[in-house]
1. Tell me which residues, restricted to the range 19-29, are surrounded by fewer than 17 Cβ atoms within 10 Å (Cβ to Cβ) and part of a helix (DSSP H, G or I).
2. Which of (1) modelled with pLDDT under 85; (2) closer than 26 Å to GLU103 by Cα; (3) aromatic (Phe, Trp, Tyr) does PHE34 not meet, given it meets every other one?
3. Answer yes or no as to whether ILE97 is at pLDDT below 95 and among the β-branched types (Val, Ile, Thr).
4. May I ask you to list the residues in the range 37-63 that are closer than 14 Å to THR74 by Cα and either hydrophobic (A, V, I, L, M, F, W, C) or in contact (Cβ under 8 Å) with a residue 40 or more places away in the chain (or both)?
5. ALA100 - would you say it is among the hydrophobic types (A, V, I, L, M, F, W, C), part of a helix (DSSP H, G or I), out of contact with any Cys (no Cβ under 8 Å at 6 or more places or on another chain) and surrounded by fewer than 13 Cβ atoms within 10 Å (Cβ to Cβ)?
6. Residue by residue through the range 33-71, note down the ones that are assigned to a strand (DSSP E or B), in contact with a helix residue (DSSP H, G or I) (Cβ under 7 Å, 6 or more places away or on another chain) and over 19 Å from LEU21 (Cα atoms).
7. Restricting the range 84-97 to residues that are in contact with a strand residue (DSSP E or B) (Cβ under 6 Å, 6 or more places away or on another chain) and not hydroxyl-bearing (Ser, Thr, Tyr), which is surrounded by the most Cβ atoms within 10 Å (Cβ to Cβ)?
8. Hey, any hits in the range 69-83 for a residue that's in contact (Cβ under 8 Å) with a residue 40 or more places away in the chain, crowded, with 17+ Cβ neighbours inside 10 Å and closer than 23 Å to ALA102 by Cβ?
Amino acid sequence: MSVPRSKLVRNFPGCPVEATLSLLDGKWKGVILFHLMEGTLRFNEIRRKLPSVTQRMLTKQLRDLEESGLVSRTVFPVVPPRVDYALTPLGASLRPIIKAMAEWGEENVLCHNGRQELAAPPISCVTGAALQAN
């Protein structure tokens with residue numbers, strides 16, 4: 001069984017990329033942060049934006065993000081309970097990174113019939129790489 005990334009960061013504390021990835025590690029965390037960039041959302045609003053996530057997994061990912069200080073959770077004392085999630089200032093500081101990842105995905109990932117694949121690089125890139133290899 002592989003070691004979770006969060007455990008590896010403790011062994012290599014000098015690696016800022018690994019430390020950042022440990023906070024975003026998880027299938028849904030980056031997508032949750034992306035949607036919270038729009039503003040405060042309730043739990044069910046987030047769930048509607050991620051139809052294939054289970055309630056249990058969404059709860060776990062939100063708790064992890066809250067524990068790391070990237071997301072704030074506000075519980076309102078009403079019946080039925082109302083819970084809002086929002087980016088903290090620390091979470092908001094990830095906007096440029098998440099935006100860059102979204103732009104890269106739009107340019108380089110193709111989705112067909114529920115499958116994802118990388119777009120082929122432009123011919124000039126392939127030719128340039130072949131020339132550099134020689």
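The values are calculated or read from the model by the stated rules, or taken from the named source; none is laboratory data. Note that the coordinates shown come from a computational prediction; the quantities given were computed from them, not determined experimentally. All Cβ positions, even for glycine, are placed from backbone atoms using ideal geometry, and neighbour counts span all protein chains on display.
1. Within the range 19-29, ALA19, THR20, LEU21 qualify.
2. (1)
3. yes
4. Those that are closer than 14 Å to THR74 by Cα and either hydrophobic (A, V, I, L, M, F, W, C) or in contact (Cβ under 8 Å) with a residue 40 or more places away in the chain (or both): GLY39, THR40, LEU41, ARG42, PHE43, LEU62.
5. Yes.
6. LEU41, the sole residue that qualifies.
7. Our first condition is that a residue be in contact with a strand residue (DSSP E or B) (Cβ under 6 Å, 6 or more places away or on another chain); within the range 84-97, this holds for 84-86, 88, 91.
With the extra rule that they be not hydroxyl-bearing (Ser, Thr, Tyr), the set shrinks to 84, 86, 91.
On the way: ASP84: 15, ALA86: 14, GLY91: 23.
Only one residue fits best here, namely GLY91.
8. If we filter the range 69-83 for residues that are in contact (Cβ under 8 Å) with a residue 40 or more places away in the chain, which is where we start, we get 70, 82-83.
Going one step further and asking which of them are crowded, with 17+ Cβ neighbours inside 10 Å, we end up with 70.
From what's left, closer than 23 Å to ALA102 by Cβ: 70.
Within the range 69-83, one or more residues are in contact (Cβ under 8 Å) with a residue 40 or more places away in the chain, crowded, with 17+ Cβ neighbours inside 10 Å and closer than 23 Å to ALA102 by Cβ.
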